[in-house]
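The structure under discussion appears below in the form of structure tokens.
The values are calculated or read from the model by the stated rules, or taken from the named source; none is laboratory data. None of these values were measured; they are calculated from a predicted model. No Cβ is skipped: glycine too gets one built from the backbone with ideal geometry, and neighbour counts run over all protein chains shown.
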Amino acid sequence: MPKQASIDVCSQSDKPLLSLATALANMWEAITAVTEVEDIPLRQALGRVLDDTDVAPCALPLARNSAMDGYAFASADVLTGRAFSLRQVGTSWAGRPFTGSVHTGECVRIFTGAVVPEACDSVIMQEHVECQQERIIFPKDTLCFENIRQAGEDIPLGSEIGRRGQVLSALDLALFAAVGKTSVRVRRKVKVIFFSTGDECCEAGSVLHLGQIYESNLTLLQGLLVSPLFDCTHGGVIPDNKQQLTETLLAAAEHHDVVITTGGVSVGEADYCKEVLTDCGQVNFWKVAVKPGKPFAFGTLGESYFFGLPGNPIAVWITFKQLVQPALYYLASMQTITPVRLLATCTTDLKKMPGRMEFQCGLLRQDEAGRLWVATSGKQGSHRFGSAAKSNCLIVLPLENAGVQEGELVWVEPSAAFLGLM
């Protein structure tokens, strides 16, 4: 069983916080993946989760074909150690195969992808021969049984080409198209609605009064939720009013698989999300041993799953990536994906207190020898956009870690920015 965290120094309770691994295990146990399916055109299936285990209705290649431009011939015509000539009797083009017969002493001009005549078992590159009208001069070191793609050598007829739970990539779709499929059966999209909460939140462009902030969590979540797996609805900002919050969340739960909120899950007098979840649904767990992101709630509202994220934007980002995103993938019937973590040498000291697993924003680089080096991207904090926005990785520090000194190895999770994707 996963270990629970030690007592967090910031906690006022002597009860251990739930570790990240235990929180994830609890969600896997509580979540039932969507089972409804739909048949969609192949061209619309990028990023969707395959429902069927598909097999090839035809072989690839369908017939023997040439791997290059050259001449197809029979190995029986080769004169070992001596140059020889064969008479060209026709041409096999890609899409227009040679339909005649090839006899002893004859060869066929052939192009890449063209069907190899039945009597031929070898293809020589065009650069290795000499053409004298209809006579083709072959060199003394001519190799036999080369440059032919055998029927079914890539994909045999009836072989598996897609597995249930697989997320379909561009290459997957190209393979399906190559064997003649025009549609696929996939799991339906997960319906998600997301809200921000708090009287202090104002729309960008409006005039701020003292104590107010521009709302940014909805923009953050909208970007994080971009996926072919999800059908997302922007729910807007809910004010700090328990009755309004209750009515809004219950109405949302009736039409969505997942309800996500930011803010309102801490211990303040106006933090009502956990109360609503307790009164109207079920709390699976509340608070996790993660920094930033301790005030995180997971449970159910009716038939919908509820994720209550913290209010600070970097805590929203971290808890979404580490908790919500894996849960949504699981709900979408996607095969479980373990985050890629790499060891890197830390070039700066890192401050940390034991008690929570901590994710710090870092700058990862790779030198010419392939070694990975990482440094902090700046001051850390659940409210600090600056350090997070310029980072390209997360430095993952275990809950028992008490700080890192320059030169020590640390685990990092590269982001899309490090990979050059964003």
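Quick notes
- Of all residues making up the stretch 206-255, the number that are modelled with pLDDT of 85 or more and part of a strand (DSSP E or B): 9
- Thr278 falls short of the stated requirement of being over 26 Å from Ser333 (Cα atoms), in the same structural domain as Gly293 (by TED's automatic domain parsing), of a type in the set (S, T, N, Q) and buried (at least 17 other Cβ atoms within 10 Å of the Cβ).
- Each residue in the stretch 178-218 was checked for being surrounded by fewer than 17 Cβ atoms within 10 Å (Cβ to Cβ) and either acidic (Asp, Glu) or free of Cβ contacts under 8 Å to residues at least 60 places away in the same chain (or both), and 14 pass.
- Residue identified as closer than 29 Å to Lys181 by Cβ and exposed (fewer than 14 other Cβ atoms within 10 Å of the Cβ) among Glu127, Glu160: Glu160
- Scan of the stretch 334-383 for residues that are crowded, with 22+ Cβ neighbours inside 10 Å and of a type in the set (Ser, Thr, Tyr), ordered by number: Ser377
- Selected residue (only one of Gly223, Gly308, Gly293 is at positive phi and either among the small types (Gly, Ala, Ser) or under 22 Å from the mean Cα position of the chain (by Cα) (or both)): Gly293
- Cβ-Cβ contacts under 6 Å between residues 6 or more apart (or on different chains), taken from a first residue in the stretch 100-113 that is of a type in the set (Phe, Trp, Tyr) to a second residue that is at pLDDT 95 or above, are listed as Phe111/Asp69; Phe111/Trp93; Phe111/Ala94.
- Test: residue in the stretch 105-115 that is among the hydroxyl-bearing types (Ser, Thr, Tyr), in a helix (DSSP H, G or I) and surrounded by fewer than 18 Cβ atoms within 10 Å (Cβ to Cβ): no
- Flag if Val276 is in contact (Cβ under 8 Å) with a residue 60 or more places away in the chain, of a type outside the set (S, T, N, Q), in a helix (DSSP H, G or I) and over 27 Å from Glu408 (Cβ atoms): no
- Close Cβ contacts (under 7 Å, 6 or more residues apart or on different chains) running from residues in the stretch 299-317 that are not assigned by TED's automatic domain parsing to the domain that holds Thr248 to residues that are of a type outside the set (Gly, Ala, Ser) and part of a strand (DSSP E or B) are absent.
- Residue within the stretch 182-205 that is touching a helix residue (DSSP H, G or I) at 6+ places or on another chain (Cβ under 6 Å), over 25 Å from Lys242 (Cβ atoms) and in a loop (DSSP other than H, G, I, E, B) present: yes
- Checklist (1) closer than 30 Å to Tyr330 by Cβ; (2) modelled with pLDDT of 95 or more; (3) of a type outside the set (Asp, Glu) applied to Asn147, failing item: (1)
- Some residue of the stretch 95-104 being hydrophobic (A, V, I, L, M, F, W, C), surrounded by 12 or more Cβ atoms within 10 Å (Cβ to Cβ) and not assigned by TED's automatic domain parsing to the domain that holds Arg43: yes
- Scanning the stretch 147-176 for residues that are over 15 Å from the mean Cα position of the chain (by Cα) and not in a loop (DSSP other than H, G, I, E, B) yields Ile148, Arg149, Ile155, Glu160, Ile161, Gly162, Leu173, Ala174, Leu175, Phe176.
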